[in-house]
Every structure is written in C-alpha cells, then in structure tokens.
Amino acid sequence: MSISIPANPENAGRGETSGDEYVRRELDPSNTDNLLEHPVQDEALRREWNDPEPTLVGRLSALQNDTIGKRLIYTAFGFFVLGGINALLMRVQLARAENTFLSPDAYNQFFTMHGSTMMFLFAVPILEGFAIMLLPFLLGNREMPFPRLGVFSFWVFLFGGLLFYASFLFDAVPQNGWFAYVPLSGPRYSPGIAMAFWLLALGVAEVSAIAAGIEIIISILNMRAPGMSLARMPLFAWAMLVTAFSILFAFTPLFVVSMLMELDRHFGTQFFNTEAGGNPLLWQHLFWIFGHPEVYIQFIPATGFISMIVPVFARRPIVGYPLIVIAIVATGFISFGLWAHHMFTVGLPTVAMTFFTAASTMIAIPAGIQVFAWITTIMRGRPRWNTPMLFVAGFLVIFVLGGITGVMVASVPFDSQVHDSYFVVAHFHYVLIGGVTFPLFAAFYYWLPKWNARMLDERLGKIHFWLMFIGFNVTFFPMHIVGMLGMPRRVYTYPAGIGWEPYNLISTIGAFMIAASVAIFIFNLVKSTYAGPPIGDNPWEADSLEWNTSSPPLPHNFSVLPVVHSRHPLWEQKELHQGDERTERLVQALGRWPTTWRAAMVTSTLEARPLEIFRVAGPSIWPFISAVGLIIIFGSEIWSLRWLAGIGALIFLGSLVGWHWPTKVSTSEADEQAFAREHGILVRSSGSRTVARNGMILTLLVFGVGLASLFFSYFYIRLDNPVWPPAGFETPEWLLPVIGLALWGLSLIPSTLAIRAIHEDRQAALRSNLLISLLLAAAGTGLLTYVLLTKNYTVSDHAYASLFILIEGFLVLLMLGGVGINLFVQFFARRGEYSSSRYIAVENNGLYFTVIAVFGLITLAVLYGAPYLT
Ligand code: HAS
Ligand code: CU
C-alpha cells in the first residue's frame, strides 16, 4: 500500500519520528518494530492544541477547555463580588431600625441585583466553568466536544452580565426581585426599561447556560477514557450529567417565560393579564418550574465536588458510591416535582399542596443518603484537615441545618406562618452558601493550584475558612429568629422598638466578617499566583485522572490517553496505559498520529469502548462574533430598536455560517482509512457522527422543552377560561395548516433518500433529493405562514389569541430553521463536500426534519384539537 504523507519538517533533528512516518511504518507489513517504543509526538501535539498567540484576535478565538473554564470561573467570581457588595449595602441599611442610608427604591434595586446576580451570573456559570475546566481531565480525554460552543457560551455570559449591570449607567436598575412577579413586573406597573434589562440581559445568560449544558452532557456520555464505564465514572461527572440535563429542562421554561413577559411588555400580548383571559399565576408556575430545579442545579454539582474531595482527604474510597449515584439521579428527577412549595400561600387546591409537601419532604432522603455517605467515609478514613477539607466540614454542618429548615417550610401550616419572612431567607442562605459556596471554595483550594501550578497558602486558607464559617452563622442564624418574630423579607426598613434591632445588627456585623474572609481569599489567590510554592503533579495524593497530568496541564491534556480499570485509577492502577492489546495500541498510536488536527476520542456510553477518533474544532473568531450578534439583538430590544436588532440578527446568522464552514485537514482520506483499519476504529477528520448527532438531539430536546412550556401555558390559561375559544373567536379552521404540515411530512421522503444516496456516494441523487425536500418543506412552511398572517385577530385581543399566534409562530420558526439547514447542506453538497465517509450534516438534516414533523403534529393537535375538548 502506498500513502503519500508529507514529512513533518518541525520534527527534523528532534530525534522524534514524525507522526506520518509512524503511520507509514505501522502499515508496512514487513515492520516488526515494537510500536510502543516510538517516541510520543509531544511537541507536535502541544503545537497543534495550544491556543493561538495572545494577540487580540488570538485571545478572542482561544478555546481550550482550561482557558474557557477559567474565564468562566473568574468572571463568575467577579459577579459574586459584585453581588456581595449589593448585599453589604443592604445590610448597612438594615443594621438600624428606620434607617435612611438607602432609599426604598435603591434598596429594591440592590436586592434585585443581588439575588439575580447570585442566581444567574454567579452560581450556575461558575459551576459550569469548573465542569468545562475539569471534565476532559477527569474523564481522560483531550477536549470538550464543542469547544466553539464553549467559547460562545463564555462571551454570551460575559456580555449578558455586563448588559445587566449597564442598567446602572442608564439609571434603570431593575427592582422587582430575582423572581420578578407579575403584575408588578408587567407593562402596567413597571413601564420603562428597567425590567427590560432584567429580562433581556438575563435571557442572554440563560442561552449561555443552555449551550454549556449541551456540551457537558455529550462530553460525559461519549468522551470518556477507554474502560471508564458508567460505574467507574467520577462522582463529579455523575453530578454534572444530572445537572446539565436539569439545566436543559429548567432554563428552557425560564427562557420561554421571560419571552412571554417581554411579549406582554412590548408586543401587546395578554399572557398575564386577567382582563384579557391571562393569568399572573402562570408566571409563578413557570418561574418556579425553573426556580426550584435551579437550586438543585447549584447544589448537585456542589455535592459532586464534595464526593471528589472527601475520599482524597479521608484517604479511602468513598462509601456507598452506587447509592450516591442513585441519590444524585433521584434528586434530579424529584426536583422537577416540587416547584409549587414556593407557592403555598397563593391559594392552591389542597390536593396540590399535599402532593408538593410530600415531594418536598421526599427529597430529604437522597440528601440524607449523601450526607451519611460522606460522614461515614470521613469516619472510616484517616482524615487530613487541609483547607479544602475544612470547607467540606463547614458545608456538612451548615447544609444539614439548612436542609432541616427546608423540610420545615415544606409543611404547609408552618410555611403559611413564615412564608416571605426572614426565616425563609435564613433557610436559603444556609443551603446556598453552606450547600454551594462552601463546596465551591473547597474546589478552589483543591483544584486551582493544579491549573495555576502554585499552591494556595494554607494558613490564609484556614483563616479564610474560620472567619467565613463564623461570619456566616453570625449573619444568618439570627434571621431564623427574627423571621419567627415576624420580620418580612424584601423590606427596606422596619419600625424600632419591636425587638428586631439586635438581630439585624448582629447580621450586619456577620456580613462584614464574610466579606473580610472573601477579601483574604482574593489576597491569597493573587499572592499565590505570583509567589506561591510550585506544586508537583499530585500534591493531595488524589485518585482521579486530572492529577496524572503536569501542573499546569498540557494543552492536549494527555499525550497518551489513559485506560481505566478502576474507580480510583491513580490509587489502584499501577499502569495507566495498559489494557487489552487493541486499546493499548490505540492510545499509544494517538500519541503519534494525527498531529496536524485536534484528535479526541469518542467512546460508547455504557462501557466506554473506543468508537471514533474525531476532529474537535480549532480556534475561531466566529463564536465571539455570534455572541456579539446575539447581544446586539437582545440589547437593542431594550430600547425597542428593531432595525438594530435586525443588524444583530444578520451578524448572528452570518457568523453561524462562518463558524460551521468546513476546513480541510492535511491528512488524506487514505491515511485516515489506513489508521482506521489498523486500529479497528472510525477516523473522522470532519467531525464525529456520535457527537454531532447527540448535539442535534439535545438541541431538538431544548426546542421540545420550549414547546412543552408553551403547551403548559396554553392549557393553564385554557382551564382558567370557561369558554374555549373565548367569545368572539371561532373554532380554528384546520384544513390549510394540515395541508401545510402534510407537505412538510412529504419532504421527509426525499430527505431520507438523500441520506441513503450519500451513504452510497451518489452525488447527483443527493443533490436532487435535497432540492425536492427543500421545495416541499418551503411550500409547507409558506402555507403555515400564510395561515398565521391571515388571522382575523391580533395577539392583543385575548390571551387565547396571544397563545395561538405565538405557538403557531414558534412552529413556523422551527420550520424556517429547517429550511435554513437544508440550504446550508445543499450549498455544501453542490460543492462536493460530502461523501460516503462524510455525511453527518446530511443525516442531521434528516433528523431535524423528522423531529419537527412530530412537533408539528403535536402542535396542530393542541391548537386545532383542544377546542373540541370540553
Ligand atoms: Fe429550599 C425556599 C424547601 C433545599 C434554596 N430554597 C428556597 C429558596 C431558595 C432555596 C433560594 O418547601 C427561596 C426562593 C425565594 O426567593 O423565595 N429546600 C426545601 C427542602 C429542601 C430544600 C425540603 N433549598 C434547598 C437547597 C437550596 C434551596 C439545596 C439551594 C442550594 N425551600 C423549601 C421551601 C421553600 C424554599 C418549601 C419556600 C419557602 C417559602 O415560604 O417561600 C431539601 O432538599 C433539603 C434536604 C436536606 C436535608 C439535610 C440532610 C438530610 C439528612 C437526613 C435526615 C433529615 C430529615 C429531616 C429526615 C433535610 C441529614 C428532618 C426534619 C426536621 C424538621 C427535623
Ligand atoms: Cu424549592
């Protein structure tokens, strides 16, 4: 066999064999060398994987998981400090009765900014940052599946956060709380642009969370080291898997409900307006359908940190691994059935209250299982009390106290006494600071030294811990009492002489202790970055794979990918690269070839068997530009500048094309096939089929959850209106929409034939089938658009009209997206980009069309069928 491979000039004189030469030798049947003795192409890998030079464009294009992870962590930490400053200002105001330090308006602004910052701009992004930084290492791979999506997610988050805080510049700071209840937040009582900042800036941050969620799921399901079956996966990965799914299922309804409010405020819809058939409680339901899982979205990753750190410092494997996994998964599920415990006082039916109380107390079981597993591990081990472990201990104490008050407020009679009082404030700070922020600091002290290659100071760490632990309890314990004494939350002041002053003063003093402790941490971080002692590879003698890399880690993470046989590879495996012969040769080979594109491995979901070697995307400026486009769309909407939003949309769509533009690789298809044959694995320099397909499935899942949230709204409003369609509206005419959808359905035939054609490399058939599919789909979309535009009512006539037009409009948008995808694929099909080994885009096109057909069917059934249900 002859394959033409250009020699790699960079390797001349280094004594390294070039990767290509390696492939050639390997495939030479007369070769009897022992392949494992060839040097690994460390330098070439490092060059290929490194982020671009730190010029401006280089920085904007950088996409390594360490870079993006750290950026997310530090940016989110910056927002934590801002949120903390808001809190201090509030505490100063509350230190005395009848204080006038802050005006009522200013107080409302600070508590809104505080809550929203901590919930949207700190906790979720920082946890996702840790996930992106850690997962490829923990799982023993080289990258996240969609590095560019990670870049996009970071910039979108940063811009969203900045836009949110820009409200200070325009003297339009939101003041309706992090929950933004209507009607207070609606067009009537909150005219002006302050609420628009809240809705639109945070809307962008939601997009960022969803984007990161998608890539976290895929990396955990399909990008683990060979041999790392689900049962051997680090618990942090389990926690992030459940969290990332929860993000998709929770942030999507939040995004939908924020858009409903935006539509009510700026486009005259009536979703929340009782006078026109809407219902303000719809906001509360959708908000808490997000809001309750949201607290577990923060808590579950934090338990993941704890489960990683406890065994290392207790110096023994964790007790009850399978039970912990079950507990994590159960928490994820149950957390979606609790939302109405935030609404016990709005007047729910008794049966609903009983259900939500039962579900809320039930969630104490998985929490308890984990708590007992950690305590047992510590008791059975030989614990070392370094700073990370101190924060774990602090977490255990505080979280259990917060959990217990949680169970207390889960009981309706108790909650009706303390709802909206400081008791609830005490509860959720015990769980949010104790349950999330303490574990986060443990993670900082535990992992950051690895990435900064410098140890944090232990003595300062301990001072930080004790000051924070004491300060925390000083701040929040008195709130239980003052809450029981009747002090309501969200008030800017309180009368003197009813016994609330001492508690409030103590709380304020405690708040400054917490602030001082955080200042010590920041000082420690800065100091250690410049003057900390350098650390070895594994300073804590830990068991998981990230500690097997250098400090700071290589850009490609591992030169030779690890092979895993144990839950604690660094404790129980003498050798990290040994496996069955095939796997061993494969991981070794990947240290040598390819060196001209970024190759990562796809493994099977259950057993982590190697399936594909694929190219992950390299640095690109386009994701940054997409983020700019998106923020222009949302930002200009604040001032209703529709033309500017249009420009933003053009930038966004244009950048998507640049982002996904295929690039050539210097290895030939023949090399790839030779490597594939040699190692019995698929080699896909145009991207992984598994990753691309799962990416598409998850994207469609997000659209599906969005649609489901709209259906929830539809039926909620429908049950509220005795006559449906309401008086003045006719039963909708179904013939035209059904024909439209049928045309779309017909387009599935050619789009499926297109897939078959490309599998067999029939280019002409591919092109013609794509074209026919486009024509049918466009006709169907056109017909539905026509139906939409010729309605004899407008969105502002009634909530029914708002829902009908929005839901059908959403379907049309999804269909237009399909037309766009088809055009994109068609364009590249005409350029001869696809072949029997490069066909993923064509398959994904078919998948999208099929799922949208199903969505369409359900949508029409709801819109045109529901009126017949009485
Ligand atoms: Fe919560 C309000 C109930 C956990 C965060 N929670 C909030 C808010 C936030 C928040 C931010 O049912 C306020 C939102 C706002 O702005 O209004 N919460 C619970 C329950 C649990 C719980 C049952 N919460 C969390 C976690 C959070 C968090 C975790 C963030 C990270 N929470 C509520 C309710 C409200 C609420 C009501 C609304 C109140 C209102 O009026 O507005 C559970 O997950 C806690 C389970 C954990 C434990 C500790 C470990 C378990 C062990 C086992 C033995 C314990 C047993 C219980 C058997 C329980 C050790 C014994 C019970 C006794 C009473 C002794
Ligand atoms: Cu809740």
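The values are calculated or read from the model by the stated rules, or taken from the named source; none is laboratory data. This one's a predicted model, so the numbers in the text were calculated from it and none came from an experiment. Glycine also receives a Cβ, built like all others from the backbone with ideal geometry; neighbour counts cover every protein chain displayed. These area figures cover heavy atoms from the full protein model, side chains too; ligands, DNA and RNA do not enter into them. Shrake-Rupley method; radii C 1.70, N 1.55, O 1.52, S 1.80 Å.
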Worksheet item: Shape call for segment 638-761 from the C-alpha gyration tensor, a ≥ b ≥ c root eigenvalues: rounded (a/c under 1.5), prolate (a/b greater than b/c) or oblate?
Response: prolate
Practice prompt. With the full set of protein chains in place, find how many percent of the accessible area of segment 421-497 is carbon and sulfur; take the probe as 1.4 Å.
Written response: 71 percent
Item to complete: Calculate the spin-label point distance for Phe168 paired with Val57, positioning each point 7 Å from the Cα along the beta-carbon direction, and give it in nanometres.
Response: 3.5 nm
Fill in: Placed amide H near Ser421: partners under 5 Å, 5+ positions off or other chain
Arg489
Worksheet item: Accessible area per residue of the chain at 1.4 Å probe, in Å²?
Response: 37 Å²
Practice prompt. Return a whole-number percent for the relative contact order of the chain, with Cα pairs under 8 Å and 6 or more residues apart as the contact set.
Written response: 16 percent
Worksheet item: With the dipole of the chain worked out from charges on the C-beta (+1 for Lys and Arg, -1 for Asp and Glu) around the Cα centre, which of Leu776, Gly268, Leu88 lies farthest toward the positive end?
Response: Leu88
Worksheet entry | Extension gain from Asp720 to Thr376, taking 0.36 nm per residue of separation minus the Cα-Cα distance | 118.7 nm
Item to complete: Please turn the phi angles of segment 268-275 into ³J(HN,Hα) values with the Karplus equation 6.51 cos²θ - 1.76 cosθ + 1.60 (θ = phi - 60°), one per residue in order, whole Hz, x for glycine and proline.
Response: x, 6, 10, 4, 10, 9, 4, 5
Practice prompt. Determine, for each peptide in 792-803, 326-337, the mean count of other beta carbons within 10 angstrom over its residues, then list the peptides with the highest first.
Written response: 792-803, 326-337
Worksheet item: Share of segment 59-103's accessible area from carbon and sulfur, percent, 1.4 Å?
Response: 65 percent
Fill in: DSSP bridge orientation in the chain - percent antiparallel, rounded to nearest 5
75 percent
Worksheet item: With charges set only on the Cβ (+1 for Lys and Arg, -1 for Asp and Glu), what does the dipole of the chain come to about its Cα centre, in debye to the nearest 20?
Response: 620 debye
Fill in: Label point at Phe414 placed 7 Å out along Cα→Cβ; residues across segment 481-518 whose backbone nitrogen lies under 17 Å
481-486
Discussion item. If I take R0 = 56 Å and measure r between the Cβ atoms of Phe101 and Trp385 in this structure, what FRET efficiency does the formula 1/(1 + (r/R0)^6) give, to the nearest 0.05?
Written reply: 0.90
Worksheet item: Ordered by residue, what ³J(HN,Hα) values in Hz, to whole numbers, does segment 247-256 give under the Karplus form 6.51 cos²θ - 1.76 cosθ + 1.60, where θ = phi - 60° and Gly and Pro are x?
Response: 4, 5, 7, 9, 6, 5, x, 5, 4, 4
Worksheet item: Rounded to the nearest 500, what is the chain's calculated 222 nm mean residue ellipticity when only DSSP H runs of at least 4 contribute -39500 (n - 2.57) each, over all residues?
Response: -21000 deg cm²/dmol
Response to the item:
FRET efficiency for Ala727 and Phe512 from the Cβ-Cβ distance with R0 = 45 Å, rounded to 0.05, comes out at 0.15
Worksheet item: What is the list of residues in segment 737-761 whose amide nitrogen lies under 19 Å from a point 7 angstrom out from the Cα of Ile697, following Cα to Cβ?
Response: none
Practice prompt. Quick one: net charge around Leu736, please, counting Lys, Arg +1 and Asp, Glu -1 for every other residue with C-beta under 12 Å from its C-beta.
Written response: -1
Practice prompt. Averaging sequence separations of C-alpha pairs under 8 Å and six or more residues apart, then dividing by the length of segment 431-521, give the relative contact order as a whole percent.
Written response: 40 percent
Worksheet item: Normalized C-alpha radius of gyration of segment 309-434, against 2.2 N^0.38 Å?
Response: 1.21
Fill in: Over the chain: Kirkwood hydrodynamic radius from C-alpha pairwise inverse distances, Å
28.9 Å
Worksheet, complete the sentence: Protection proxy (average C-beta count within 10 Å per residue), highest first, orders 239-247, 714-722 as 239-247, 714-722
Response to the item:
Here the net charge surrounding Ala799, from other residues whose Cβ is less than 13 Å away from its Cβ (Lys, Arg +1; Asp, Glu -1), is -3
Worksheet item: Stretched out fully, how many nm does the piece from Leu736 to Asn50 gain, at 0.36 nm a residue minus the Cα gap?
Response: 241.4 nm
Discussion item. If you take every residue apart from Ser688 with its C-beta less than 11 Å away from the C-beta of Ser688, what net charge results, scoring Lys and Arg +1 and Asp and Glu -1?
Written reply: +3
Response to the item:
Two pseudo-spin positions, 7 Å from Cα along C-beta at Leu88 and at Ser768, lie apart in nanometres by 7.3 nm
Practice prompt. Mark the label point 7 Å from the Cα of Arg490 along Cα→Cβ and return the residues of segment 327-370 whose backbone N is within less than 19 Å of it.
Written response: 339-348
Worksheet entry | Under 26 Å, Cα to Cα: Lys pairs in the chain, sequence gap 8 or more or different chains | 7
Fill in: Point-to-point label distance, Asp761-Leu184, nm (Cα→Cβ direction, 7 Å offset)
6.8 nm
Worksheet entry | Extension gain from Thr529 to Leu857, taking 0.36 nm per residue of separation minus the Cα-Cα distance | 112.3 nm
Worksheet, complete the sentence: Of 559-572, 53-66, ordering from highest average Cβ density within 10 Å down gives 559-572, 53-66
Worksheet item: At a 1.4 Å probe radius, carbon and sulfur cover how many percent of the accessible area of segment 787-870?
Response: 70 percent
Response to the item:
Residue-ordered couplings for segment 662-676, obtained by feeding phi - 60° into the Karplus form 6.51 cos²θ - 1.76 cosθ + 1.60 and rounding to whole Hz (Gly and Pro as x), are x, 10, 7, 10, 8, 7, 8, 4, 5, 4, 4, 5, 4, 4, 4
